[in-house]
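Notes follow the structure.
The values are calculated or read from the model by the stated rules, or taken from the named source; none is laboratory data. Since the structure is predicted, the reported quantities are computational estimates derived from the model, not experimental observations. Cβ placement follows ideal geometry from the backbone for every residue including glycine, while neighbour counts extend to all protein chains displayed.
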């Protein structure tokens, strides 16, 4: 009997994961990860992890599997929370869920599981794993979940071959309604439990309040940039080569105070992210204002009216070599090579046609259609059909 350690989170997905593995004849152990108990950045009066760990324990009892809680809050603070504050301070927008999978679930947690003699670690992610022998070597593939509405492969876009080898995703072949149905039939307490929102494992966090604990409020100006801003209407130069063209189109617009009109004040540019509409509290425009750029050094937020505003769109983005990751290492591009793919720059965004261009210092992703709110610090992931091949942090 192979031993599998399931990350039991107290939700329906991980409960059904444990149930299915037990049905398949694995020896199953449930571990609950406690990742947060720093009350100095209290999230709200609710304490979701207590309720969640309790639900996880009840599920384990029902399934007759061993259960324990592991405290990973120190590693979580170092690798996720501190990183988040650091990125926001630089005016970038991190994705804690992707990092949480790479750094916590499939690293720290996986090490604990393997030290307990586990053959595999299983999670309740909506994605699938396949394997194929290529050139006498087993290659692991990360595939989208069957439920297109719930596909979570994007959150696992930073996993390595070594991590994938030890991972199992039992609910990847199912849809969410099917998972709930199984939980009901098995009489699991989590069958009707609402999906958790908010940060991976921390639960409900109102981000500005969370960030205010470490990044102090600082009043600054909100500037509105008009549609006829010079750089939007100037003619495209002639390019010596393809790389010069990609460089040009991946460079973001530079704004100064004189380029628009001051329409309001904010409490800190680092609390805002590109594409954001809520929280600006500026009225008097026909269409809502959207953040098109934040300048954390000058503490200025630049906005544009309407979601079609030119300042929101770019068709090319860049990933540096240091932040480039191939799940399929065997398909990694060499300098000068290109690859047609489909890509997304955020979770649940429909896949968009794109071409990857590998250059000496990194990789350009050139989209067929301009993308709204490409934000530094977020992850871009690329696919062929339903296989996720690689990803990178947008620079």
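Counting the residues of the range 20-59 that are in contact with a helix residue (DSSP H, G or I) (Cβ under 8 Å, 6 or more places away or on another chain), surrounded by fewer than 20 Cβ atoms within 10 Å (Cβ to Cβ) and either modelled with pLDDT of 80 or more or not in a helix (DSSP H, G or I) (or both) gives 4. Within the range 267-293, the residues that satisfy the criterion of being modelled with pLDDT under 95 and not in a loop (DSSP other than H, G, I, E, B) are 269, 270, 271. The criterion of at least 1 residues that are out of contact with any helix residue (DSSP H, G or I) (no Cβ under 7 Å at 6 or more places or on another chain) and buried (at least 21 other Cβ atoms within 10 Å of the Cβ) is met, among helices (runs of 4 or more DSSP H) falling completely within the range 80-149, by 109-115. Each residue in the range 167-195 was checked for being surrounded by fewer than 17 Cβ atoms within 10 Å (Cβ to Cβ) and at negative phi, and 11 pass.
Residues of the range 154-167 include at least one that is under 22 Å from residue 22 (Cβ atoms), assigned to a loop (DSSP other than H, G, I, E, B) and at pLDDT 95 or above. Once the range 298-316 is narrowed to residues that are in contact (Cβ under 8 Å) with a residue 12 or more places away in the chain and in a loop (DSSP other than H, G, I, E, B), the residue that is surrounded by the most Cβ atoms within 10 Å (Cβ to Cβ) is 309.
Once the range 210-226 is narrowed to residues that are surrounded by 15 or more Cβ atoms within 10 Å (Cβ to Cβ) and in contact with a strand residue (DSSP E or B) (Cβ under 6 Å, 6 or more places away or on another chain), the residue that is nearest to residue 268 (Cα to Cα) is 220. Each residue in the range 368-388 was checked for being buried (at least 21 other Cβ atoms within 10 Å of the Cβ) and either in a strand (DSSP E or B) or assigned by TED's automatic domain parsing to the domain that holds residue 86 (or both), and 7 pass. Count of the range 227-246 residues, restricted to those that are surrounded by 13 or more Cβ atoms within 10 Å (Cβ to Cβ) and without any contact (Cβ under 8 Å) to a residue 12 or more places away in the chain, is 2. In the range 349-361 there is at least one residue that is surrounded by fewer than 17 Cβ atoms within 10 Å (Cβ to Cβ), outside the structural domain of residue 250 (by TED's automatic domain parsing) and free of Cβ contacts under 8 Å to residues at least 12 places away in the same chain.
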